[in-house]
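Working notes, structure below.
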Amino acid sequence: MLTKVVDLRSDTVTKPSEAMRAAMAAADVDDDVLGSDPTAHRFETEMARMMGKEAALFVPSGTMANLVSVLVHCDTRGSEVILGDNSHIHIYENGGMSTIGGVHPRTVHNNPDGTMDIDKIVAAIRHPNGGLCYPTTRLICLENTHGNYGGKCLSVEYTDKVGEVAKTHGLKLHIDGARIFNASVALGVPVDRLVRAADSVSVCLSKGLGAPVGSVIVGSKDFIEKAKILRKTLGGGMRQVGVLCAAAHVGVRDTVGKLADDHRRAKVLADGLEKIKQLTVDLTSVETNMVYFDITDPLISPGKLCQVLEQRNVLAMAVSSKSVRLVTHYQISDRDVQHALTCIEEAVEEILSGNAKSEHLTNGLTANSYGN
Amino acid sequence: MVTKVVDLRSDTVTKPSEAMRAAMAAADVDDDVLGADPTAHRFEAEMARIMGKEAALFVPSGTMANLVSVLVHCDARGSEVILGDNSHIHVYENGGISTVGGVHPKTVRNNPDGIMDIDRIVAAIRHQDGALYYPTTRLICLENTHANCGGKCLSVEYTDKVGEVAKSHGLKLHIDGARIFNASVALGVPVDRLVRAADSVSVCLSKGLGAPVGSVIVGSKAFIDKAKILRKTLGGGMRQVGILCAAAYVGLRDTVGKLADDHRKAKVLADGLKKIKQFTVDLTSVETNMVFFDTADPRILPDKLCQVLEQRNVLAMPASSKRSSFSPSVEL
């Protein structure tokens, strides 16, 4: 009997649906580098419209979306960008803005709710008078939802305020909106309103929206023209890319409406986990589709717990020496959630009773997965 | 009545076949960044085997394949790479090896047959004595087939010779093998033998082999491990990428065997063009699937010619102020 694997490691694990597979197979395509792929063009136009921006550009990954955005805003040597010290761009993107792009980061403390204090942002802006010793601040980056803080939402009021700070100081604002649709749904704010203050936004299609590959950058027509060249330079210019855009289009059409269910299931998970004596969860911190829980019993390590869970075909991600993360997505059902809770309970008991088998992880997945 | 468009601009215009579309729809996939997509894994293993190297890595484009390769070989600041002055990397890749990679190019003249003279390559290698002023040469790049020279093949003897030069000077050798299968077929040399001297090769799946997207880098396991990280850094880490690898696999399986026909058709094209009074073609220069022809009549400009052809649903590419090109490739 084949047991389904309940994969809660990340929303990146979503596999393409039947509708997506059919769309990919039937996609009307052409050489997107030589001219334009009609399916890519249609999809990019639709994304721009939804996000309330002039234009959009499909790229292979969120990393490239952020890298291109930062580099286009900071195209002059000697640039600096202000971003959170616990942001995905700063922690999990190989420092590419610097190693590849020559841009200097200026980090500001991320609060547990994902924001950076406005006064700290302002304090981080380089004064023009220090020009001889300073790089030039050109850009502020926000992240919504904030991954490392458990999928926290930045409010539209906060985003607008940061936008005003940027404008006042002649800076641009980029939003790493990998999970911006989750934020929009959780806050009940239309996505275009949510990002109105931003000059550019990166949006992932391959996470909760379920597409196999890709992200989209949205911004002004001018910005996207430059982004297209930089995308080519980095090697992201793909040929008959409509194949991927067709699947992404289905994701946007079919899955945004299911995000609220992911959030509901995350809360169910969190409630269930809180009932397990050896675990603690901050229930108020579960805003979207991520649940972080701590293990209070020193006999149970996150790595061990994930290992034992894997034997029960439940996949989770150990994120520190005492925390584990679970992420819901539309391929996780209500029954899967209950099953996962049962397995976690059993796994805890098994480890405590000393019966847990010592097995190597089948492919090291749960031990070494960062930034996803 | 719908007239078929005869698109001879490039072999990049190939659209996915029915077999590819079916393979994409049915592909067994997983998160390739978190672990390994089984289809990607199978395809990369097969590519490594075919090319006679230890490992392989799927990337979104030939540009990224070359960029990653150059940057991995030249990971120390202050590096220099020797390459042809008319090479694709130098002319058509946005100068990325420098602008994003910080690597300095040292160009050597490309002869019309695509090669660089061995003595000129050697002369371009920076001498240790000048270390105070010189960057450090770390890599030589060849291009096979050579696009700007008309799809010319570099022989296995020449490639081996450049490999020896690289080895004796402690350098690496990378081959931009976007169209390496065309070279292998035209020369009658197995592809793994053809690239044996190279430390790394970039191979395009989305050109004559017909896949919708992608290229592959092949090299040693240690090289590919580093390449994987750089690919992520540049933003080429894709999730359920087996979709694309499934199509690429079909291309590899089904289309390599058709390349000889592309070459034959190119020769037929060239012969026919030669008969047109206003055009000149160097018939001996047509080795694979590209035909460059010049317009001898000053009243006919390549742009104008291509425009008029487009009205007849034939697409070609103006290559210069008097040159146009056709690249026939198999309709799948």
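The values are calculated or read from the model by the stated rules, or taken from the named source; none is laboratory data. Everything numeric here is computed off the predicted structure, so don't read it as measured data. Every residue, glycine among them, receives a Cβ derived from its backbone with ideal geometry; neighbour counts consider all protein chains shown. Surface areas here come from the heavy atoms of the whole protein model, side chains and all, with no ligands, DNA or RNA. Shrake-Rupley method; radii C 1.70, N 1.55, O 1.52, S 1.80 Å.
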*Of the criteria (1) over 21 Å from A:M290 (Cα atoms); (2) surrounded by fewer than 24 Cβ atoms within 10 Å (Cβ to Cβ), which one A:V252 fails*: (1)
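Among the helices (runs of 4 or more DSSP H) contained in region A:234-314, which hold 2 or more residues that are within 14 Å of chain B (Cβ to nearest Cβ), touching a residue at least 60 places away in the same chain (Cβ under 8 Å) and in contact with a Pro (Cβ under 6 Å, 6 or more places away or on another chain)?
Numbers: elements: A:242-255, A:259-274, A:302-311.
Once the helices (runs of 4 or more DSSP H) in region A:234-314 are filtered for at least 2 residues that are within 14 Å of chain B (Cβ to nearest Cβ), touching a residue at least 60 places away in the same chain (Cβ under 8 Å) and in contact with a Pro (Cβ under 6 Å, 6 or more places away or on another chain), what remains is A:242-255.
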*Among the residues of region A:207-232, write down those that are crowded, with 24+ Cβ neighbours inside 10 Å, of a type outside the set (A, V, I, L, M) and not in a strand (DSSP E or B).*
A:K207, A:G208, A:G210, A:P212, A:G214, A:R231
*asked:* Anything in region B:75-85 that is of a type in the set (S, T, Y) and open to solvent by 20 Å² or more (accessible area, probe 1.4 Å)? List them, or say none.
replied: none
*asked:* For region A:269-312, give me each residue that is open to solvent by 50 Å² or more (accessible area, probe 1.4 Å), of a type outside the set (K, R) and under 21 Å from A:S333 (Cα atoms).
replied: A:D271, A:E274, A:L283, A:E287, A:Y292, A:Q311
*How many residues does region B:87-109 contain that are modelled with pLDDT under 95 and more than 26 Å from A:M97 (Cα to Cα)?*
0
*Out of all the residues in region B:131-148, which are open to solvent by 20 Å² or more (accessible area, probe 1.4 Å) and within 19 Å of B:A178 (Cβ to Cβ)?*
B:N148
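Specify which of the listed residues (B:R239, B:R231, B:R312, B:R299) is over 22 Å from the mean Cα position of the chain (by Cα) and closer than 22 Å to B:M47 by Cα. Steps first, answer last, please.
On the way: B:R231 fails: over 22 Å from the mean Cα position of the chain (by Cα); B:R312 fails: closer than 22 Å to B:M47 by Cα; B:R299 fails: closer than 22 Å to B:M47 by Cα.
Going through B:R239, B:R231, B:R312, B:R299 in turn, just one is over 22 Å from the mean Cα position of the chain (by Cα) and closer than 22 Å to B:M47 by Cα: B:R239.
I need the full set of residues from region A:213-249 which are among the β-branched types (V, I, T) and in contact with a strand residue (DSSP E or B) (Cβ under 9 Å, 6 or more places away or on another chain), in order please. So that I can check it myself, show each step before the final result.
Filtering region A:213-249 down to residues among the β-branched types (V, I, T) leaves A:213, A:216-218, A:224, A:229, A:233, A:241, A:243.
Answer for region A:213-249, where residues must be among the β-branched types (V, I, T) and in contact with a strand residue (DSSP E or B) (Cβ under 9 Å, 6 or more places away or on another chain): A:V216, A:I217, A:V218, A:I224, A:V241.
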*Would you pick out the residues in region B:171-184 that are within 21 Å of B:H127 (Cα to Cα) and open to solvent by 10 Å² or more (accessible area, probe 1.4 Å)?*
B:L171, B:K172
*Give, as residue ranges, the helices (runs of 4 or more DSSP H) completely inside region A:1-74 that count at least 3 residues that are more than 13 Å from every other protein chain (Cβ to nearest Cβ) and open to solvent by less than 40 Å² (accessible area, probe 1.4 Å).*
A:38-51
*For region A:35-84, how many residues are without any contact (Cβ under 8 Å) to a residue 40 or more places away in the chain and either touching a helix residue (DSSP H, G or I) at 6+ places or on another chain (Cβ under 6 Å) or aliphatic (A, V, I, L, M) (or both)?*
0
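If you take the residues of region A:1-26 that are closer than 15 Å to A:S333 by Cβ and not β-branched (V, I, T), which of them is modelled with the lowest pLDDT? Steps first, please.
Step one: list which residues in region A:1-26 are closer than 15 Å to A:S333 by Cβ, which gives A:3-8, A:11, A:13-15, A:17.
The next check asks that each one be not β-branched (V, I, T); those that pass are A:4, A:7-8, A:11, A:15, A:17.
Numbers: A:K4: 87, A:D7: 96, A:L8: 97, A:D11: 96, A:K15: 93, A:S17: 95.
Here the answer is A:K4.
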*Give just the number: which of (1) closer than 17 Å to A:K120 by Cα; (2) without any contact (Cβ under 8 Å) to a residue 60 or more places away in the chain; (3) open to solvent by less than 10 Å² (accessible area, probe 1.4 Å); (4) not hydroxyl-bearing (S, T, Y) does A:L194 not satisfy?*
(1)
*asked:* Condition check: out of contact with any Ser or Thr (no Cβ under 7 Å at 6 or more places or on another chain), of a type in the set (S, T, Y) and open to solvent by 20 Å² or more (accessible area, probe 1.4 Å). Does B:S168 satisfy that?
replied: yes
*asked:* Residue under question is A:I125, and the condition is that it be open to solvent by 10 Å² or more (accessible area, probe 1.4 Å) and β-branched (V, I, T); does it hold?
replied: yes
_region A:149-165, subset in contact with a helix residue (DSSP H, G or I) (Cβ under 8 Å, 6 or more places away or on another chain) and among the charged types (D, E, K, R), residue surrounded by the most Cβ atoms within 10 Å (Cβ to Cβ)_ = A:K152
